[in-house]
Structure formats: C-alpha cells, structure tokens
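The structure appears below as structure tokens.
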Amino acid sequence: MITKLLLKQVIEDQSEQVSLPKLVPRKKLDDIIASHKSKQITILTGIRRCGKSIILQEIRKMCAPANYYINFDDERLMQFGVSDFQMLMEVFLELFGPEDVLYFDEIQNISSWERFVRRLYDQGKKVYITGSNANLLSNEFGTHLTGRHIPFTIFPFSFSEYCDQLGIDTQKSPHSTATKVRMIQTVKSYLKEGGFPYYLQTKEKDYLRLLYDDILYRDIIVRYQLPNHKPMRELSQFVASNIGKEMSFSQLKNMLGLSSPTTVKEYFNYLEKAYLIFILNQYSPSLKKQAYMSKKAYFIDLAMANLVGFRPLDDDSGYLENIVFIALKRRELDIFFHKGKKECDFLIRSGRKITNAIQVSLSLDKPSTKEREMNGLIDAMETYNLPTGTIITLEEESNEGNIDIIPVWKFLKDPEIGESDLKIEFLS
C-alpha cells in the first residue's frame with residue numbers, strides 16, 4: 001500500500017542518493033536544456049543504463065530549484081498507481097513548497113501515467129520524463145500527449161563521447177600520423193568495450209549480464225506477459241551472433257519453435273521497443289513488398305552483443321557495420337539496405353528519394369573483397385541514380401573517382417550531425 005510516509009521516505013532516500021560522477025558531456029545535453037524554455041513535456045527515452053538519469057540530474061542542477069523528483073524504478077513503488085499521483089503532489093508540496101518543474105524517472109512503470117502528466121501540462125507545469133521503452137513516444141500516448149512533447153532518444157556513449165571519457169581530443173588535426181594511429185586504436189577498443197557508461201568505468205562483465213537480463217525480463221517478458229522466456233532469449237542471442245546478416249521471420253519461426261512468422265515479428269518489435277536491437281528493412285518503394293522481404297538486425301551495444309552472442313574471435317566485420325548503423329540511427333536517418341544484382345549495406349532515404357549509399361568493409365586489402373564491395377556500391381548507385389557513394393573501412397582512405405573510401409573514425413567523430421551534413425562529413 002502506498003502511503004504519504006512511504007512516499008516521503010522514497011523521495012528523501014533518492015535525494016540523498018543523487019551524487020553525480022565525473023560527467024562525460026553528452027552531445028544532446030545543450031538541446032535538452034534548451035527545451036526548458038518550452039512548456040512542452042521533455043521526454044528522454046533509451047535503453048536502461050545509457051545515461052538518461054544522469055542527464056536528468058544534470059538538468060536539475062542547472063534548473064534549480066528542482067526538488068520535485070522521483071524515480072519509479074524503485075521496488076517500494078511497485079504498488080504505485082495513477083490514483084497515487086495526487087498524493088505524490090501533496091507530499092512534494094509538504095516537503096518543498098510550491099514548484100513548477102517536475103522530474104519523473106522511469107515513468108513507464110506506472111500504468112496510465114500520461115493522464116496525470118497531461119493534467120500537469122494543462123496547469124502550466126514543466127515536466128521532464130525518462131523511460132526505457134519506445135512506447136513512451138507511440139501508442140501509449142493515445143490522444144493525451146500528442147503534439148505536447150519534445151522527444152530525445154539517448155543511446156550509450158557515441159564514439160566521440162567514448163573518446164571524451166578517455167580524454168582523447170577528437171578535434172586534433174586528422175591528417176597527422178599520430179592522430180590516425182590513435183583513432184584506429186581507439187575504434188578497435190570501442191568495438192570491444194561498447195558505450196554503457198558504468199561498464200566503461202568498471203569493466204565488470206557481471207554488470208552487463210545483469211543489465212541484459214533486466215532488460216529482457218523486466219522490459220520485455222514481464223511487460224508483455226510472455227509465457228515462455230526461452231524463445232525471446234534465443235532470438236536476442238541469435239541477433240547478437242548474426243549482426244548484419246540477412247534473415248527471415250519464417251526461418252526464425254522454426255528455429256525458435258514459435259507458432260508463426262507474425263509471432264517472430266512481434267518478438268522483434270518488443271526487442272526494438274526496449275532499444276536492445278534494431279531491425280533494418282530491405283528497400284522497396286512498396287511498403288507491402290518491404291514487409292515480406294528479408295531483414296537485417298543490429299545490436300544496441302557491442303560489449304553486450306559480444307557477451308550475449310557467439311561469434312569467431314577474429315570476426316570484427318559485422319561489428320564495424322554495427323557501429324556505423326548505430327551512428328546513422330543516432331542521426332535519425334531513414335535507413336535501408338540494398339539487394340539487387342549486388343548488395344549494399346546502407347541506403348539513406350530523404351522523403352521519397354534515396355540520397356546516399358554506404359558500404360562497410362573491415363578492409364579492402366584483398367582484390368576480391370575490394371571488387372565485391374565496389375560492385376555492390378556501384379549497383380546501388382546505378383539503381384538509385386546517385387552521383388557518389390561511400391565505403392567505410394577500419395583504416396583505409398582514398399578516392400576512386402566518384403567513390404570515397406574513408407576510415408570509420410572520421411565518420412564517427414561527430415555522430416550527432418544532421419542529414420544535411422552527411423556528405424560533408426564523409427568527405428572531411
């Protein structure tokens with residue numbers, strides 16, 4: 001049972017726990033802080049432990065007074081329901097007096113929370129929300145918050161944030177030999193260590209295992225009331241073991257022992273809503289055809305994928321493709337892959353037009369590999385009438401007519417750029 005005494009205890013305990021570690025500047029922080037001037041509800045979503053709560057605490061430091069804060073990811077609040085929000089407001093008022101800004105962490109744990117937040121919005125309050133499920137930005141809103149919020153998706157550390165965490169200056173001259181060597185070495189480390197902030201501080205693999213289990217069970221199996229956890233676990237392991245490889249829902253149905261391809265599709269949807277994996281569609285101008293075409297999948301974080309999946313120790317090609325995909329995803333681009341006469345890893349669509357084709361290869365040192373990657377890119381360029389294309393490698397850099405070959409660290413150095421800057425970044 002939720003009582004005022006319990007709420008006061010939780011609020012005071014959580015207030016005492018707030019102790020910010022040494023912060024790595026997040027690339028979206030300035031934009032999030034700028035939203036403070038708007039009456040719109042600011043919503044931070046992303047996978048568990050990617051840094052949303054730390055960002056929220058940083059905002060609170062800059063926007064004092066900021067005492068109206070509660071984290072619903074607390075076992076003492078398991079019985080908290082939408083009817084208890086009024087009591088929570090009374091407790092805030094009794095403890096701190098009137099304030100106009102409220103901060104709700106992991107609010108997706110409370111059913112029908114959006115009704116209460118809408119009431120606060122209508123009263124002119126500024127509300128910040130974090131959540132670990134993409135439904136915060138979709139169907140759970142219904143008609144209550146549509147058009148009344150500013151969304152921000154938070155990922156684990158980008159490559160540039162990873163460099164900041166290590167104290168590496170990514171703005172040094174990209175033409176010096178020392179910079180190139182350091183950047184290539186750092187990319188190799190990033191492929192293994194990923195970007196979860198706490199893991200990078202501690203390197204505790206048990207932390208990643210527990211985090212993965214927490215996401216799988218709390219955010220998926222319990223949330224969607226799945227009767228059997230085994231297929232979901234096997235599906236996530238399959239993705240981690242087959243990053244960037246083509247697959248079909250029909251084939252996976254038999255492997256997982258599920259009833260239909262539709263069930264497999266639903267399971268993938270649950271994994272995407274929890275931000276654990278992302279599905280990439282093969283491009284077709286027909287949405288109906290796209291639905292039946294083969295798919296590819298990528299993992300949110302490579303350290304976790306390495307822990308969860310099974311792959312050869314020397315197989316970094318899929319991992320390089322994964323970090324390029326996540327960087328494109330950060331930029332909120334419309335991404336597909338191409339399969340025509342040949343294959344190309346990524347297509348970027350703007351409106352109804354394909355504007356960029358990108359191939360990813362660990363190395364082009366073998367003539368057969370270079371021929372395959374070039375032919376796949378050229379096939380995409382010819383199919384979509386593109387004047388130029390890009391191949392991203394681990395360390396090679398050159399220009400071959402209308403095809404630019406660039407090292408991945410140059411592409412990753414500023415992963416928050418917009419689509420309009422995409423070509424400039426490839427050529428820098």
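The values are calculated or read from the model by the stated rules, or taken from the named source; none is laboratory data. In this text the structure is predicted, and so the values were computed from the model without any measurement. Cβ placement follows ideal geometry from the backbone for every residue including glycine, while neighbour counts extend to all protein chains displayed.
Could you pull out the residue among 233, 223, 209 that is at pLDDT below 95 and out of contact with any Pro (no Cβ under 8 Å at 6 or more places or on another chain)?
Values: 233 fails: at pLDDT below 95; 209 fails: at pLDDT below 95.
After ruling out the rest, the residue left standing is 223.
Answer with yes or no whether residue 255 is more than 20 Å from the chain's Cα centre (by Cα), among the aliphatic types (A, V, I, L, M) and under 29 Å from residue 406 (Cβ atoms). Considered against the rule, which asks whether it is more than 20 Å from the chain's Cα centre (by Cα), among the aliphatic types (A, V, I, L, M) and under 29 Å from residue 406 (Cβ atoms), residue 255 comes out as no.
Name the residue that is surrounded by the most Cβ atoms within 10 Å (Cβ to Cβ), counting only residues in segment 146-173 that are polar (S, T, N, Q) and closer than 24 Å to residue 131 by Cβ.
Filtering first and then ranking leaves 158.
Would a scan of segment 306-328 turn up a residue that is crowded, with 17+ Cβ neighbours inside 10 Å, out of contact with any Lys or Arg (no Cβ under 7 Å at 6 or more places or on another chain) and part of a strand (DSSP E or B)? Scanning segment 306-328 turns up no residue that is crowded, with 17+ Cβ neighbours inside 10 Å, out of contact with any Lys or Arg (no Cβ under 7 Å at 6 or more places or on another chain) and part of a strand (DSSP E or B). Sub-6 Å Cβ pairs linking a first residue in segment 362-374 that is over 16 Å from residue 403 (Cα atoms) to a second residue that is assigned to a helix (DSSP H, G or I) and of a type in the set (Gly, Ala, Ser), at least 6 apart or interchain, are 362/317, ordered by first then second residue.
Within segment 34-45, being part of a helix (DSSP H, G or I) and not basic (Lys, Arg) holds for 34, 35, 36. On the stretch given as segment 368-406, residues that are surrounded by fewer than 19 Cβ atoms within 10 Å (Cβ to Cβ), touching a helix residue (DSSP H, G or I) at 6+ places or on another chain (Cβ under 7 Å) and part of a strand (DSSP E or B) total 2. On the given criteria, is residue 7 under 25 Å from residue 202 (Cβ atoms) and surrounded by 14 or more Cβ atoms within 10 Å (Cβ to Cβ)? Against the criterion (under 25 Å from residue 202 (Cβ atoms) and surrounded by 14 or more Cβ atoms within 10 Å (Cβ to Cβ)), residue 7 does not qualify. Only one entry of 76, 48 meets the criterion of being closer than 30 Å to residue 304 by Cβ, in a helix (DSSP H, G or I) and modelled with pLDDT of 95 or more, and that entry is 76. Only a single item in (1) in a helix (DSSP H, G or I); (2) at pLDDT below 95; (3) of a type in the set (A, V, I, L, M, F, W, C); (4) surrounded by fewer than 16 Cβ atoms within 10 Å (Cβ to Cβ) is not met by residue 64, and it is number (1). Only one of the numbered conditions (1) part of a helix (DSSP H, G or I); (2) at pLDDT below 95 is not met by residue 414, and that is (1).
Yes or no: segment 354-367 includes at least one residue that is within 25 Å of the chain's Cα centre (by Cα), surrounded by fewer than 15 Cβ atoms within 10 Å (Cβ to Cβ) and in a strand (DSSP E or B).
So the first thing to find is which residues in segment 354-367 are within 25 Å of the chain's Cα centre (by Cα), and the list is 354-362.
From what's left, surrounded by fewer than 15 Cβ atoms within 10 Å (Cβ to Cβ): none.
Among the residues of segment 354-367, not one is within 25 Å of the chain's Cα centre (by Cα), surrounded by fewer than 15 Cβ atoms within 10 Å (Cβ to Cβ) and in a strand (DSSP E or B), which makes the answer no.
Selection over segment 375-406 of residues that are touching a residue at least 60 places away in the same chain (Cβ under 8 Å) and at positive phi gives a count of 0.
Filter segment 5-25 for residues that are β-branched (Val, Ile, Thr) and modelled with pLDDT of 80 or more and give the result.
Taking segment 5-25 and keeping what is β-branched (Val, Ile, Thr), we get 10-11, 18, 24.
Across segment 5-25, the qualifying residues are 10, 11, 24.
Name the helices (runs of 4 or more DSSP H) wholly within segment 204-276 that hold at least 2 residues that are touching a strand residue (DSSP E or B) at 6+ places or on another chain (Cβ under 9 Å)? Spell out how you get there, then give the answer.
Values: elements: 205-214, 230-241, 249-256, 261-273.
Counting at least 2 such residues, we get 230-241, 261-273.
A count restricted to segment 164-201 and to residues that are under 19 Å from the mean Cα position of the chain (by Cα), assigned to a loop (DSSP other than H, G, I, E, B) and hydroxyl-bearing (Ser, Thr, Tyr) stands at 0. From 58, 16, which residue is in a helix (DSSP H, G or I), of a type outside the set (Lys, Arg) and loosely packed, with under 12 Cβ neighbours inside 10 Å? That would be 16, the only listed residue that is in a helix (DSSP H, G or I), of a type outside the set (Lys, Arg) and loosely packed, with under 12 Cβ neighbours inside 10 Å.
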